[in-house]
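Here is the structure we will look at.
Bear in mind that the values in this text are calculations on the coordinates, not laboratory data. Everything numeric in this text was worked out from a predicted model, so none of it was measured. In this analysis, Cβ positions are derived from the backbone assuming ideal geometry, glycine residues included, and neighbour counts consider all displayed protein chains.
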Amino acid sequence: MHIPDGFLDLPTAIAAGAAAVAGIALGLRDVRRNLSPRRVPLIGLAAAFVFATQMLNFPIAAGTSGHMTGAVLAVVLLGPGAAVIVMTAVLVLQCFMFADGGVTALGANVLNMAIIAPAVGYVVYAGLRRLCGDGQRSLLFAAGFAAWCATVAAALACAVELAASGTVVLRSAVMAMGGVHMVVGLVEAAITMMVVAVVIRSRPELLDRSQRVEHGVPATVAFGAVATIGVLVFVSPLASSLPDGLEHVAHKLGFAAEAATPIAAPLQDYAVKGLVDQPWLGTVVAAGVGVAAAFAMAWLMARMLTRHALHARR
């Protein structure tokens with residue numbers, strides 16, 4: 001769902017970027033007010049895990065593939081403000097380190113996947129939790145349905161941006177993007193529910209943000225790091241090479257040629273130049289660099305915010 005350069009006109013890119021900046025500001029304010037400093041490493045861990053899972057392209061119908069966004073997973077575990085930081089850090093790194101998503105379209109990509117997806121996911125998740133109660137099945141259903149809704153909402157926002165740019169007719173874009181991502185959202189929902197189920201069994205207190213989780217954070221980070229490394233080593237090299245949902249729609253509706261040549265990036269296409277003869281190893285190395293960078297970037301942002309908040313209270 002990463003929009004490349006060339007698909008959006010300048011006014012749409014600027015408007016989406018301005019909306020993204022406003023959304024990021026709200027997310028930063030939420031984290032500054034509500035995040036405990038002891039939970040800062042969890043934001044870094046979430047960014048690393050989301051980065052790893054986004055490399056997992058899975059095949060779906062009609063010769064296309066999809067990948068998890070992870071926005072609702074971050075919302076469920078850390079809250080909407082922290083999810084904005086997590087997703088923004090991942091998208092910025094993907095753009096500038098891996099040429100995944102255009103530089104001029106970065107604002108739109110952040111708006112769709114780091115603002116709209118967490119916001120819609122949070123509203124749906126919180127609403128279902130109030131309606132369905134606090135049981136484990138209710139929680140899993142709320143997380144899964146919210147993940148599906150967030151995926152579809154981000155795809156529809158992308159369709160609107162493409163139509164606003166004159167790239168494609170709105171009706172066609174909405175039907176094509178919505179149709180593909182309704183299927184992608186089912187896989188997103190399933191993965192989100194599986195991860196949340198593991199958290200319920202191992203660290204259920206992480207799902208109750210009314211509690212101050214001050215103990216066991218290092219153990220949680222270590223457990224999450226092992227899971228992230230497992231995704232990198234054993235799963236990411238098996239990612240589908242089929243075009244993702246947006247690429248499929250672009251070819252189907254005839255605007256794929258509008259994509260501009262991506263700006264050169266150090267690890268473009270998630271590969272290492274010196275390991276072209278060993279693509280599996282190159283993918284793992286590139287992913288490892290991305291995971292470490294995502295952890296560091298999200299952790300640093302959260303740490304700066306919480307330190308500023310502590311100084312302000314004194």
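Of the residues 52, 80, 64, the one whose Cα sits farthest towards the positive end of the charge dipole of region 10-307 is 80 (charges of +1 on Lys and Arg Cβ, -1 on Asp and Glu Cβ, taken about the Cα centre). Under the rule a/c < 1.5 gives rounded, and otherwise a/b versus b/c splits prolate from oblate, where does region 123-213 land using the Cα gyration tensor? Because a/c hits 1.5 or more and a/b exceeds b/c, region 123-213 counts as prolate.
Structural descriptor for the chain: relative contact order 32 percent, calculated from alpha carbon pairs under 8 angstrom and at least 6 residues apart. Anisotropy class assigned to the chain is rounded, per the alpha carbon gyration tensor with a/c under the 1.5 cut-off. What residue among 254, 101, 127 has its Cα farthest toward the positive end of the dipole of the chain, where the charges are +1 on Lys, Arg and -1 on Asp, Glu, each on the Cβ? Highest projection toward the positive end goes to 127. Neighbour counts of other Cβ atoms within 10 Å put 269, 9, 100 in the fewest-to-most order 269, 9, 100.
How would you rank 261, 283, going from fewest to most other Cβ atoms within 10 Å of each one's own Cβ? Intermediate results must be reported in sequence, preceding the final value.
Values: 261 9, 283 23.
Listing 261, 283 from fewest to most nearby Cβ atoms yields 261, 283.
Database remark: amide H of residue 240 closer than 5 angstrom to the amide H of 57, 58 (H placed geometrically; neighbours at sequence offset of 5 or more, or on other chains; Pro and chain starts carry no H).
Which of the helices in the chain, when you take each full DSSP H run, stretch at least 18 Å along the axis at their Cα atoms and have an average Kyte-Doolittle score of 0.5 or higher? Result, helices passing both filters: 10-34, 40-54, 80-98, 117-132, 136-164, 170-202, 217-230, 279-313.
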